Amino acid sequence: MKRISPRLKEAAALLRKVDTVADIGTDHAYLPIYLIEHDICRKVIASDLRKGPLENARLNVEASGFADHIELRLSDGLKEYRADEVQDVVIAGMGGILITEILENAHWVKDSQKHLVLQPMSHAEYLRAYLVANRFRILKESVCEDTGKLYCLMSCVYSGEETKFDDYYEYYGELPNSCDSLACVYLQKLSERCIREATAIGCTDPERTERLYKVADKLDNILSQRK
Ligand SMILES: C[S@@+](CC[C@H](N)C(=O)[O-])C[C@H]1O[C@@H](n2cnc3c(N)ncnc32)[C@H](O)[C@@H]1O
């Protein structure tokens, strides 16, 4: 069995110890196998949109000997899940926009008893903006390094309350509160990316250019306070 990646291991670390976890877009089912192996939950309902990955998952689950604890399901996002089946939900390895679409199509995740662990491969800003606008609270964020790349992960819960954050929260979320030194590297790279993007846009979109420079300033401020 292939060893689980640092990215998925970090997703596992953000989960609570619950009875049943949903793993959306499970692909190879490495995460469900790890969760059962390490006694993080009793059961995982792991799903994928496509039959091919689900078949891979089935082979790996059978080889792991945990078939009694891992149920595999064909599902577009959370559409084939019932609210009472799972407590925590992991959506990892997908773009931030797709993650918001999956959440938008499952209103039952708007429940303070459910926790979400989200790991966007792109558009983390878009995802955070969605979460805040929809009254989710980001409880914790962390950064991990996997095959030379940095990934951010977040654990969230529906609070139902409107929270006021500054204008740039979508860029950094709870990362400034993370004790992890990789979070600083991530924010530094993000600041550099904003400057690069602002320079490339230049005067073709002055409003966006100005915003990106302000985001970079904000990120630099956060980083200087952490030194
Ligand atoms: C890059 S893999 C990520 C696998 C694993 N979650 C990870 O993080 O390593 C993305 C998986 O999500 C599945 N997927 C894409 N859109 C989906 C959707 N709407 N619902 C469920 N699964 C989806 C794909 O078929 C693919 O197997």
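When all protein chains stay in place and ligands, DNA and RNA are ignored, the 1.4 Å accessible-area order of E37, E55, E10, largest first, is E37, E55, E10. Helices of the chain meeting both criteria, an alpha-carbon length of 20 angstrom or more along the long axis and an average Kyte-Doolittle score not below 0.0, with helices taken as full DSSP H segments, are 181-201.
Comparing C144, Y130, V215 along the charge dipole axis of the chain, the residue lying farthest to the positive side is C144, per the Cβ-charge model.
Within the full protein context, the accessible area of R73 is estimated at about 40 Å² for a probe radius of 1.4 Å.
Which of the lysines could be linked to K218 by a straight reach, that is with a Cα gap under 22 Å, when you skip same-chain ones fewer than 8 residues away? Partners found: K140, K164, K189, K227.
Geometric descriptor of the stretch 1-157, per residue, is 99 Å³ (volume of the convex hull of the Cα atoms). Mind running the shape call on the stretch 165-227? Use the C-alpha gyration tensor, a ≥ b ≥ c as the square roots of the eigenvalues: rounded below 1.5 for a/c, prolate if a/b tops b/c, oblate otherwise. In terms of gyration-tensor shape, prolate. Could you check which residue among I201, I24, I33 shows the biggest mean-square fluctuation in a GNM of the chain with a 10 Å Cα cutoff? Between I201, I24, I33, it is I201 that shows the largest mean-square fluctuation. For the stretch 165-227, which whole percent of the accessible surface, found with a 1.4 angstrom probe, sits on carbon and sulfur atoms? Carbon and sulfur atoms account for 51 percent of the accessible area of the stretch 165-227.
Residues whose amide H falls under 5 Å from that of H123, counting only those 5 or more places apart or on a different chain, are G96, with hydrogens built in the peptide plane. The residues of the stretch 165-227 expose, per residue, 60 Å² of accessible area to a 1.4 Å probe. Ordering F66, F165, F136 by accessible surface, largest first, gives F165, F66, F136; the 1.4 Å probe counts only protein heavy atoms, with every chain in place. Among 137-144, 124-131, 216-223, 78-85, the peptide with the highest mean count of other Cβ atoms within 10 Å heads the list, and the full ranking is 124-131, 137-144, 216-223, 78-85.
Sorted largest first by accessible area at a 1.4 angstrom probe radius, with every protein chain in place, the residues C203, C194 fall in the order C203, C194. Can you list the residues of the stretch 1-44 with backbone N under 12 Å from a point 7 Å past the Cα of L59, pointing along Cα to Cβ? Zone members listed by number: 28.
The values are calculated or read from the model by the stated rules, or taken from the named source; none is laboratory data. None of these values were measured; they are calculated from a predicted model. Note: ideal-geometry Cβ built from the backbone for every residue, glycine included; neighbour counts use all protein chains shown. These accessible areas exclude ligands, DNA and RNA; they are computed on the full protein's heavy atoms, side chains included. Shrake-Rupley method; radii C 1.70, N 1.55, O 1.52, S 1.80 Å.
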